[in-house]
Amino acid sequence: MAYRAVVVLAGILLVAALYGLIWLFSRYFLRKHGVEENLADRSTILATWTFAGVAVGLVFVVFGAFVLGPWAFYRTARAHQVPVSDAAAVGWGFVIVAISLLMAAGGLAALLSIVGAL
């Protein structure tokens, strides 16, 4: 029974870590493209929409996260008039989603291995 509580709490921490990674990479993206004005707010908005796209996409057989996440990133970057081409925005969104999901999945695999579920 204690393992269930540990797994649930660790799962919540992994979701928070996933959002944190997306936020960190979004902030890096904005800073790299010369956005300094309202950087914290813009990175939060960009990360929130990207995370929402990933979360909805995960429901659709995991593959949807790699479609909806970058799409949400692209749309939000366009809405904030970040000086980047459309292809670069989609590419950055895909890389951010892929790296964040791989790191979170690695953490989940480590957790499940520790509790003996793998």
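Just so it is clear, none of the values below were taken in a lab; they were calculated from the coordinates. Because the structure is predicted, anything quoted here is derived from the model rather than measured. Cβ atoms come from the backbone with ideal geometry, glycine included; neighbour counts cover every protein chain shown.
Couple of notes before you dig in:
- Enumeration of residues in the stretch 35-47 that are under 13 Å from I96 (Cβ atoms) and either polar (S, T, N, Q) or over 11 Å from the mean Cα position of the chain (by Cα) (or both): S43
- Residue ID - farthest from A72 (Cα to Cα), chosen from residues in the stretch 5-31 that are surrounded by fewer than 21 Cβ atoms within 10 Å (Cβ to Cβ) and among the hydroxyl-bearing types (S, T, Y): Y28
- One residue alone among G53, G34, G106 is of a type in the set (G, A, S) and surrounded by 13 or more Cβ atoms within 10 Å (Cβ to Cβ), and that residue is G53.
- Residues in the stretch 84-102 that are under 15 Å from L21 (Cβ atoms) and exposed (fewer than 15 other Cβ atoms within 10 Å of the Cβ): 4 in all.
Rundown of residues vs (1) of a type outside the set (F, W, Y); (2) within 16 Å of A98 (Cβ to Cβ), yes/no style:
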| residue | (1), (2) |
| --- | --- |
| A16 | yes, no |
| R31 | yes, no |
| A52 | yes, no |
| F60 | no, no |
| W71 | no, yes |
